[in-house]
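Just so it is clear, none of the values below were taken in a lab; they were calculated from the coordinates. Predicted, not measured: the structure shown is a model, and the values here were computed from it. Here the Cβ is made from the backbone with ideal geometry for all residues, glycine too, and neighbour counts use every protein chain on show.
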Amino acid sequence: MESIAIIVIFNLIRIIWCCHKENRAFVAQHGTQEECRQAADLAAAMQRKMEALGLGNYLLNDFRFTEQLTPADLKSEALLQQKMTCMMRELHAYLRLHPGYTLRVRFDRDHSMDRAGQFDCVNRRIDIFPRGSYSAEYLVTVLAHETAHCFMYQYGLNDPDRDLNERCTDTVACLMGLSSYMVAGGNGYLKHGQFVAVRNSLLNYRDNYA
């Protein structure tokens, strides 16, 4: 009987530990309730700032790329640069950003880069650093995030706090019409649940506006 009791207790402990690990992994990916609430609050704050700057029209519509990345594109720097340059120009025209931006794709084959993309405001360039594991959906979110940097730079929406500014950039990427892409891409400075909270805040805004 004692041996049976020990086995039962051991199995219960193992189940509890596995559940705990799964819960921690879920929270790490999706965010806590408090983190999601903070994301919704940040979305509301950025909505007010965009409205004050006369950018409220972007809050009411979802943008859709006409170009689509294919599996063949993901294997070629040249194809990716060509296709993503077209996507960048299409998005920049929609956002009425100043012309003259270029886009450069460089595969991060040795994983030496600590980011998937960057915005160079001095040289007016977006750099994308794909890895073999990156999906088309993820690369679209990288382009959206870096374009949101352009958008915020042009309209004076940047925050001096770097970490907060990156979260604001993910938030603005959603608010300027790309929330469905950001939720689908699933990675960024916001967690997946926070992207969902931002999109829900945006949808509530549209419902109230109507």
- Please report, in debye to the nearest 20, how large the charge dipole of the chain is about its Cα centre when each Lys and Arg carries +1 at its beta carbon and each Asp and Glu carries -1 there. 300 debye
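Rounded, prolate or oblate: which one fits region 83-152, using the alpha carbon gyration tensor with axes a ≥ b ≥ c (rounded when a/c is under 1.5, else prolate when a/b beats b/c, else oblate)? Please list the in-between numbers first.
Working: a/c = 2.15, a/b = 1.62, b/c = 1.32.
Prolate shape, in that a/c is at least 1.5 and a/b is the bigger ratio.
Can you compute the charge dipole magnitude of region 109-188 about its Cα centre, using +1 on each Lys and Arg Cβ and -1 on each Asp and Glu Cβ, nothing else charged? Give it in debye, rounded to the nearest 20. Spell out each step's value before the answer.
Numbers: 7 positive and 11 negative charges, 42 e Å.
About 200 debye.
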- Item | Percent of beta bridges antiparallel (DSSP, the chain, rounded to nearest 5) | 50 percent
- Query: Under a 5 Å amide H to amide H cut-off, with H placed in plane at 1.01 Å, what residues pair with Thr102 once short-range neighbours are removed?
  - Reply: Arg125, Ile126
- Query: Taking the Cβ of Arg109 as the center, what net charge do the other residues with Cβ under 12 Å away carry, scoring Lys and Arg +1 and Asp and Glu -1?
  - Reply: -1
- According to the square roots a ≥ b ≥ c of the eigenvalues of the Cα gyration tensor, what is the shape class of the chain, taking rounded for a/c under 1.5, prolate for a/b larger than b/c otherwise, and oblate for the remainder? oblate
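Classify region 146-210 as rounded, prolate or oblate, taking a ≥ b ≥ c as the square roots of the eigenvalues of its Cα gyration tensor: rounded when a/c is under 1.5, otherwise prolate if a/b is larger than b/c and oblate if not. Please report the intermediate quantities before stating the final value.
Working: a/c = 1.88, a/b = 1.31, b/c = 1.44.
Oblate shape, in that a/c is at least 1.5 and b/c is the bigger or equal ratio.
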- Item | Charge sum, other residues only, whose C-beta stays under 12 Å from Phe195's C-beta, Lys/Arg counted +1 and Asp/Glu -1 | +1
- Note to self, the chain gives a 222 nm [θ] from helices alone (DSSP H runs n ≥ 4, -39500 (n - 2.57) apiece, / all residues, nearest 500) of -20000 deg cm²/dmol
- Have a look at Val172, Val105, Val122 and tell me which one the Gaussian network model of the chain (Cα, springs below 10 Å) gives the largest fluctuation. Val122
- Read phi for every residue in region 151-168 and hand back ³J(HN,Hα) as whole Hz from Karplus 6.51 cos²θ - 1.76 cosθ + 1.60, θ = phi - 60°, with x for Gly and Pro. 4, 5, 5, 5, 9, x, 9, 5, 10, x, 6, 4, 5, 5, 5, 5, 5, 4
